[in-house]
Structures are given as structure tokens and as C-alpha cells.
Amino acid sequence: MVWSLIRLGYLTDERVQKALQWLIQYQRFDDEPGKAPDEWPYNRWKQCWMERTCHSIIVKSLKAFAEVPEDKRTPEISDYIIRGAEHMLNHHIHKRNHPPVKSSFKWLEFGFPLMWNIDALEVLEILTRLGYKDERMHESLEVMISKQDRDGRWILENTFNGRFQTNIERKGKPSKWITLNALRVLKRYYS
């Protein structure tokens, strides 16, 4: 929601600023089991906060902070971006253990729209938009490139089709949105 509101021009709205401050205050970036705080808000949503930091929350929050223009970023926002990006890079984007050894859920199946889901392409897009070109991105980049078909397009693998009033694209078919996002990543990373 914060990402959407910033994109729609509401960055200076008091409620959006309050939401950004909430993310800065409560987001964790740890990987050690058993370190999760027991107080609110951590004790309310154990499935999201659990013992370790939830990668999904970091990605969606990082996406919102990436929308804040550089000249409008406070030191706290800049610090959040660095910490969030470093956390995802330490996990080679799509891996959930530290050290990174196991892929996270369906993060290597690209989809659009993602809604609350995450995939490696979304993380690559956020990081390259922020200017990151790091060797820890290579494995996810290679997976992304390997999914390009002979015509230079990417296939819709993960979808919410059947759950919306209309389907955006067809699963198993070339996706204009995924192709656009993958090409943006390649342009930013290799230019």
C-alpha cells in the first residue's frame, strides 16, 4: 500500500510518512534463530515475524523505500535501503537460509501481478533500480536469463488467474510484463 501511495504522489502525506516510520522502527534484519522479540507487533503475526526476519516483508518494504526520490530520503530511509539490500544480497536474493543454500518457496517462478507474492525478478528489479550491481546477484540473474525463450520473451509461471475479475495474461504463455521487467533488470545491470 505504501509503495502504491508513493507512486500516486502521496509521499508527503502524513499517513504515508507515518507508515514509513513504522517500517523503519519495526523491521528486523536478523538471521539468528531465537532472536525474535516477543512484544507487539512481533508476537501478533508469528507466521510473518517468526524467529528470523521475513524476506517478503523486507522486499515489499524495500520496494516502497526505493520509490522515495533520492533527494527526499532521510538518513533513516537510506540506512533502511542499505540494510534491506544487504540482507537480500546475503541471501543471494532467492535463498532463505544463511549461509544461503536453499531456494525460497516459488521465488524462481516469475509472475505478474505479484500482489503479496515475491519472486527473484522483483528483487532484482528493486536492487538494480537502486543501483546495485553485486556478484551475489549473479545466480538469480543467470536463472532469469535462462528463462528467456528463443524469441527473447519470458513466460508467465506464477499467476493469480481465476482469483481476479479478469486474467491479466495466460499462464505458460509469453508475458509482456515479465519480459518488460526482465529487460529493465538487464539494461540496468549491464549498462
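The values are calculated or read from the model by the stated rules, or taken from the named source; none is laboratory data. None of the values given here were measured: they were computed from a predicted structure. Counting neighbours? That spans all protein chains shown, and the Cβs are built from the backbone with ideal geometry, glycine included. In case anyone asks, the SASA skips ligands and DNA or RNA and just uses the protein heavy atoms, side chains included. Shrake-Rupley method; radii C 1.70, N 1.55, O 1.52, S 1.80 Å.
Per-structure values
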{"read-out": "Of all residues in the range 155-179 being of a type in the set (Val, Ile, Thr) and at pLDDT 85 or above, the one that is least open to solvent (accessible area, probe 1.4 Å)", "value": "ILE178"}
{"read-out": "Only one of ASP13, ASP30, ASP71 that is charged (D, E, K, R), at pLDDT 70 or above and closer than 23 Å to LYS95 by Cα", "value": "ASP30"}
{"read-out": "Selection within the range 115-149 - in a loop (DSSP other than H, G, I, E, B), buried (at least 18 other Cβ atoms within 10 Å of the Cβ) and in contact with a helix residue (DSSP H, G or I) (Cβ under 7 Å, 6 or more places away or on another chain)", "value": "ILE118, TYR132"}
{"read-out": "Yes/no for LEU108 being at pLDDT 95 or above, closer than 30 Å to ARG170 by Cβ and buried (at least 17 other Cβ atoms within 10 Å of the Cβ)", "value": "no"}
{"read-out": "Top-ranked residue of the range 162-191 - restricted to ones that are touching a residue at least 60 places away in the same chain (Cβ under 8 Å) and polar (S, T, N, Q), ranked as farthest from VAL143 (Cα to Cα)", "value": "SER175"}
